[in-house]
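Engineer: Provided herewith is a single structure, encoded as structure tokens, for subsequent inquiry.
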């Protein structure tokens, strides 16, 4: 039997060739989703979304955030570094002969 070699990227993520398949959904998650599917009709879902859109259009920030996060995903933080900085390193050589 060949040894399994784990390949990771420099950032620690699994690299190409790893066949983990990811974490499988737990039964409790599937059960919870099934409950929602049985309890909430398609019409109810559409009504909730329409209410959210109306509230977002009126300035409700929480609804606007939820809608945009759902539609396009949460914002990605970008850091732009501009300008220059001077790095000064000092050694204390006193008392070392």
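The values are calculated or read from the model by the stated rules, or taken from the named source; none is laboratory data. None of the values given here were measured: they were computed from a predicted structure. Note that each Cβ is placed from the backbone with ideal geometry, even for glycine, and that neighbours are counted across all protein chains shown.
Engineer: Of the conditions (1) surrounded by 10 or more Cβ atoms within 10 Å (Cβ to Cβ); (2) at pLDDT below 90; (3) more than 27 Å from residue 75 (Cα to Cα), residue 15 clears all except one; give me its number.
Structural biologist: (3)
Engineer: Any residue in region 75-87 that is surrounded by fewer than 10 Cβ atoms within 10 Å (Cβ to Cβ) sitting within a Cβ distance under 7 Å of a residue that is not in a loop (DSSP other than H, G, I, E, B)? List the pairs, counting only those 6 or more apart or interchain.
Structural biologist: Pairs found: none.
Engineer: Could you say whether any residue in region 29-49 is surrounded by 10 or more Cβ atoms within 10 Å (Cβ to Cβ) and modelled with pLDDT under 75?
Structural biologist: no
Engineer: Of the conditions (1) farther than 30 Å from residue 7 by Cβ; (2) at pLDDT 70 or above, residue 77 satisfies every one except a single condition; which number is it?
Structural biologist: Tallying (1) farther than 30 Å from residue 7 by Cβ; (2) at pLDDT 70 or above, residue 77 fails exactly one: (1).
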